[in-house]
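Everything on this sheet refers to the single structure shown next.
The values are calculated or read from the model by the stated rules, or taken from the named source; none is laboratory data. Just so you know, these numbers come straight off a predicted model, no measurement behind them. Here the Cβ positions follow ideal geometry from the backbone for every residue, glycine too, while neighbour counts run over all protein chains shown. Remember, those area values only see protein heavy atoms, side chains included, never the ligands or the DNA or RNA. Shrake-Rupley method; radii C 1.70, N 1.55, O 1.52, S 1.80 Å.
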Amino acid sequence: MNFLETVVQELARFDFNQIGRSFMILGVSIDIIGAIPIILSLKDKGQNFDSFRVALYSTIILLAFLFVGEPMLGLFGVDISSFGVAGGLVLFVLAVEMIFGIQVFQDDGPTKGSATFVPLVFPLFAGAASFTALLTLLSTGYAYVNLAISVILNIVIVYLVLRFVDPVERFLGKGGVYVLRKFFGVMLLAISVKFVTANIYSVIDAVKAMAH
């Protein structure tokens, strides 16, 4: 079967039901609503970001991971469990920042004060949670075309929220933002612990296997 036949066959698997279900599952993994306090917190600390670039980079990374993620991780000897632990640890640090009002991430990126790639693209929108969701959906029979559409639809929502986050901040007010930041900080802390604990045993088993 040549490449063109494969593409045609994949397009024939277009399914609104799969798109709807995967859109919801991936949306929960990306959790743009839960990310709003993080975005506002970054803005308060003087971190800037480019909404279009966040959306573009997130789309590229998620689509690339959808098609070549598992083989690529295998090539470097890294599995999805290791990604889960790494992403969980970064989310843990973000949660600590939100809850205790301290700064751990330093402005040492290519563009000083930029939060475009870290932490917005990774690990918030294109991180361990969304990677795991994509691989899980793929392994349960979802078609590439439906998952790709779900990724694009979710990132459109991410872009709109980032683009209009200032009106959201004005609507919530300083007090509302403070409460949301603390609340979602605790929620993010719980999610990060879940990611680490859910994947750490697989990593330990892999290390033991290598040792033997």
* **Y57 - accessible surface, heavy atoms, 1.4 Å probe, Å² rounded to 10** => 80
* Asked: With springs only between Cα atoms under 10 Å, which of F67, F76, F122 fluctuates most in a Gaussian network model of the chain?
  -> F76
* Structure fact -> One would report the Cα pair-distance distribution of the range 1-89, bin width 5 Å, in %, as 3, 9, 10, 19, 20, 16, 12, 5, 3, 1, 0
* **Compactness index (Cα Rg / 2.2 N^0.38 Å), the range 44-152** => 1.16
* **In the range 6-54, the chymotrypsin sites (Phe, Trp or Tyr not before Pro) that fall in loop regions by DSSP, at most 14 other Cβ within 10 Å** => F14
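At a Förster distance of 22 Å, what's the computed FRET efficiency of F183 paired with V161, Cβ-Cβ distance as r, to 0.05? Spell out each step's value before the answer.
Working: r = 18 Å, r/R0 = 0.80.
Computed FRET efficiency for F183 and V161: 0.80.
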* What is the gain in length, in nm to one decimal, between T136 and R13 on full extension, counting 0.36 nm per residue of separation less the C-alpha to C-alpha distance? -> 42.5 nm
* **Per-residue HN-Hα couplings for the range 43-60 [Karplus 6.51, -1.76, 1.60; θ = phi - 60°; Hz; x = Gly/Pro]** => 5, 4, 8, x, 7, 10, 8, 9, 4, 5, 5, 4, 5, 5, 5, 5, 5, 4
* Asked: Calculated FRET efficiency, Y144 and R170, Cβ-Cβ r, R0 41 Å, to nearest 0.05?
  -> 0.50
* Structure fact -> Log entry: pair-distance distribution for the range 101-212, C-alpha pairs binned every 5 Å from zero, whole % per bin is 2, 8, 11, 16, 19, 18, 12, 8, 4, 1, 1, 0
* **Reference-scaled alpha-carbon Rg (2.2 N^0.38 Å with N residues) for the range 152-206** => 1.64
* Structure fact -> Given all pairs of distinct Cα atoms, the range 28-71 yields a Kirkwood Rh in Å of 12.1
* Loop sites only, by DSSP: take the trypsin sites (Lys or Arg not before Pro) in the chain that have at most 14 other C-beta atoms within 10 Å and name the longest stretch containing none of them. => 113-212
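Lys and Arg at +1, Asp and Glu at -1: add these up for the other residues within a Cβ distance under 13 Å of L40 and post the number.
Working: positive: K43, K45, R170, K174, R181, K182; negative: D44, E97, D166, E169.
Once all neighbours under 13 Å are counted, the net charge is +2.
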* Using 7 Å Cα-to-Cβ label points, what is the V193/L75 separation (nm, one decimal)? -> 3.8
* Largest-first ordering by accessible area, 1.4 Å probe, given options L135, L75, L11 -> L75, L11, L135
* Asked: Given that just one value was derived from the coordinates, which of [x] 43; [y] 39; [z] 27 is percent of Cα pairs over 26 Å apart?
  -> [y]
* Express in nm, to one decimal, how much length is gained between I200 and I152 on full extension, taking 0.36 nm for each residue of separation and deducting their alpha carbon distance. => 14.2 nm
